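Participant: Here's a structure for you.
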Amino acid sequence: MNNPDPIVPKKSALSLFSGESDESPFAIFAQMRAMGSVVSVPFPVAGADKQAWMVTRMEEAMRVLKDHARFTVDPSTIDGHGDIRQTLAGGNPDPSAPPTFFTGKSMLSVDEPDHRRLRGLVSKVFTPRYMEGLRPRVQEIADELLDRVQAQGEMDLVKDYAYPLPIHVISDMLGVPEADREQIHVWSAAIAHGLGLGRREPGVDEHLRAFGEYTAQLVADKRRRPADDLISRLIEMESEGDRLSEAELLSMITLLIFAGHETTSNLIATGAFTLLDHPGQLEKLKSDLSLVPSAVEELLRFNGPATIAGPRFATEDLELAGQAIKKGDIVIPVLKSANRDENQFTQPEELDITRTIHRHLAFGQGIHMCLGAPLARVEGDIAFTTLLRRLPNLRLNVPRESVAWSFTLSSQGITSLPVAF
Ligand code: HEM
């Protein structure tokens, strides 16, 4: 049956997906799943004559993410639809600013064959084997960070551990100088917090411009003085005789920097909070640290960093789970909801670090499935193992209710997590 009327309260759906809500999204997701696997919601931009759909269950979300013929990430390829993506992001970017992953063309925002070319180039370097080979360096960074705080008996787990670990890992890989990393964090955080579906905070363009200008300068430096790092290799690289254009290179590097640390920081911070909030599970994990990889998968399933995959757009009139979807409609796979799908998991609202998970959608699915997933898993494994091995008395240092949450691009994260040990 086709039901075009929005079925969730307008305010709550919009604020949730724009990242402005501080409600727990999981109750709303459960409500939406009970209503259907494909539900109509208000379009994130006022006045648009399009329909928006949230895909709440695993099977249908996978169908959308894997059907690259009927769903595109690039609405400008649909006749007469222009580039609604920027409208969804709250307006057009400043055309005089250098391209970034957000304003330019990155692998995330294009379909085949461009996607294959862009991802193929970076995949030559970014192999699962290479990412696995980073273990010793990730371990070194985790230990250095804890060395700095161990004697104090307390720290802010976000500022002192969850945020710096991934930014150092990705910056080492790319060749971003140590002195610039704090500034990059400031830009990334401002961009992540300043953008949501249909929302763009004032000032975010300034940060995008500064991030783009910085990256353009870094690339120019690497052209002059190549080093043994990923940016220098991307500059050199040719794929089937096809070099990256300068705009593509800048979009790709800013994407790797941004995607490579915001999400993983969020996994470590939210994951640590979730474990502290489930003392039975935490004890089980501490008594057998070989369970950490399985705990990481469960933390990704239970409350992973990405609320939604990027919006997809129907390339033709079609039907999905009984709903008639029109060409050009926006279709949003809700990853956090699919990961609590009662048809896929027993007791999905429970955290169980020993759960056997055949599949979750925290890294997406299909051709755009996260390129950095093997790296995120290595970082998650080392971050939690090192934390619990070295600080077995880890506990919250503030009342649970006063833990500060913030809202990142279509996601929720913790801004500060004071702990004692
Ligand atoms: C826990 C950490 C992470 C999570 C939860 C995560 C999540 C995701 C998701 C859901 C997508 C797909 C988006 C879509 O289909 O619209 C994605 C894509 C991507 N991620 Fe991650 N990510 C994480 C870490 C990383 C890391 C460490 C990197 C490394 C640089 C990275 C790089 C990328 C890239 C380049 C894409 C685009 C892939 C494509 O379009 O082909 N991510 N990520």
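Participant: I'm trying to understand the selection: among the residues of region 345-374, which are more than 7 Å from the ligand (Cβ to nearest atom), aliphatic (A, V, I, L, M) and open to solvent by less than 20 Å² (accessible area, probe 1.4 Å)?
Facilitator: Of everything in region 345-374, those that are more than 7 Å from the ligand (Cβ to nearest atom), aliphatic (A, V, I, L, M) and open to solvent by less than 20 Å² (accessible area, probe 1.4 Å) turn out to be LEU351, ILE353, LEU361.
Participant: Mind listing whichever residues of region 383-397 are assigned to a helix (DSSP H, G or I) and open to solvent by less than 60 Å² (accessible area, probe 1.4 Å)?
Facilitator: Result: ALA383, PHE384, THR385, THR386, LEU387, LEU388, ARG390.
Participant: Just give me the residues in region 143-164 being touching a residue at least 40 places away in the same chain (Cβ under 8 Å), part of a loop (DSSP other than H, G, I, E, B) and out of contact with any Phe, Trp or Tyr (no Cβ under 8 Å at 6 or more places or on another chain), in sequence order.
Facilitator: Listed by number, the list holds a single entry, TYR163.
Participant: Are there helices (runs of 4 or more DSSP H) fully within region 76-142 with at least 3 residues that are modelled with pLDDT under 90 and away from the ligand (no atom under 13 Å from the Cβ)? List them.
Facilitator: 84-88
Participant: Under 9 Å by Cβ, and 6 or more places apart or on different chains, what pairs join a residue from region 268-291 that is closer than 23 Å to VAL169 by Cα with one that is surrounded by 15 or more Cβ atoms within 10 Å (Cβ to Cβ) and acidic (Asp, Glu)?
Facilitator: ILE268/GLU379
Participant: In region 278-286, is there at least one residue being modelled with pLDDT of 95 or more, touching a Gly at 6+ places or on another chain (Cβ under 9 Å) and either hydrophobic (A, V, I, L, M, F, W, C) or not in a strand (DSSP E or B) (or both)?
Facilitator: No: zero hits.
Participant: Could I ask something else about it? For region 331-370, name all the residues that are in contact with a Phe, Trp or Tyr (Cβ under 6 Å, 6 or more places away or on another chain) and either among the β-branched types (Val, Ile, Thr) or within 26 Å of ARG117 (Cβ to Cβ) (or both).
Facilitator: Residues satisfying the conditions are VAL331, MET369, CYS370.
Participant: A further question follows. So how many residues does region 143-163 have that are closer than 16 Å to ASP381 by Cα, at pLDDT 95 or above and open to solvent by 10 Å² or more (accessible area, probe 1.4 Å)?
Facilitator: 1
Participant: Anything in region 375-413 that is of a type outside the set (A, V, I, L, M, F, W, C), at pLDDT below 95 and within 16 Å of the ligand (Cβ to nearest atom)? List them, or say none.
Facilitator: THR408, SER410, SER411, GLN412, GLY413
Participant: Name the strands (runs of 3 or more DSSP E) wholly inside region 305-344 in which the number of residues that are of a type outside the set (Asp, Glu) and more than 16 Å from the ligand (Cβ to nearest atom) is 1 or more.
Facilitator: Result: 318-320, 323-325.
Participant: Next up: Scan region 275-293 residue by residue and report those that are within 16 Å of the ligand (Cβ to nearest atom) and open to solvent by less than 40 Å² (accessible area, probe 1.4 Å).
Facilitator: Of everything in region 275-293, those that are within 16 Å of the ligand (Cβ to nearest atom) and open to solvent by less than 40 Å² (accessible area, probe 1.4 Å) turn out to be LEU275, VAL292.
Participant: Another question, if that's okay. Assuming ARG359 fulfils every condition listed in (1) basic (Lys, Arg); (2) within 29 Å of VAL110 (Cβ to Cβ); (3) outside any loop (DSSP other than H, G, I, E, B) apart from one, which condition is it?
Facilitator: Looking at each condition in turn, ARG359 falls short on (3).
Participant: Within the group GLU20, GLU59, which residue is away from the ligand (no atom under 16 Å from the Cβ) and modelled with pLDDT of 85 or more?
Facilitator: When all the criteria are applied, what remains is GLU59.
Participant: Mind listing whichever residues of region 221-234 are hydrophobic (A, V, I, L, M, F, W, C) and open to solvent by less than 30 Å² (accessible area, probe 1.4 Å)?
Facilitator: Selection gives LEU230, ILE231, LEU234.
Participant: Hey, another quick one. State whether the residues of region 247-264 include one that is part of a loop (DSSP other than H, G, I, E, B) and within 12 Å of the ligand (Cβ to nearest atom).
Facilitator: No, every residue in region 247-264 fails to be part of a loop (DSSP other than H, G, I, E, B) and within 12 Å of the ligand (Cβ to nearest atom).
Participant: Sticking with this structure for a sec: Considering only residues that are touching a residue at least 40 places away in the same chain (Cβ under 8 Å) and among the small types (Gly, Ala, Ser), look in region 58-79 and name the one that is least open to solvent (accessible area, probe 1.4 Å).
Facilitator: The selected residue is ALA61.
The values are calculated or read from the model by the stated rules, or taken from the named source; none is laboratory data. The structure presented is a predicted model; accordingly, all values stated were derived computationally and were not measured. Cβ atoms come from the backbone with ideal geometry, glycine included; neighbour counts cover every protein chain shown. The area values use the complete protein model at the heavy-atom level, side chains included, leaving out ligands, DNA and RNA. Shrake-Rupley method; radii C 1.70, N 1.55, O 1.52, S 1.80 Å.
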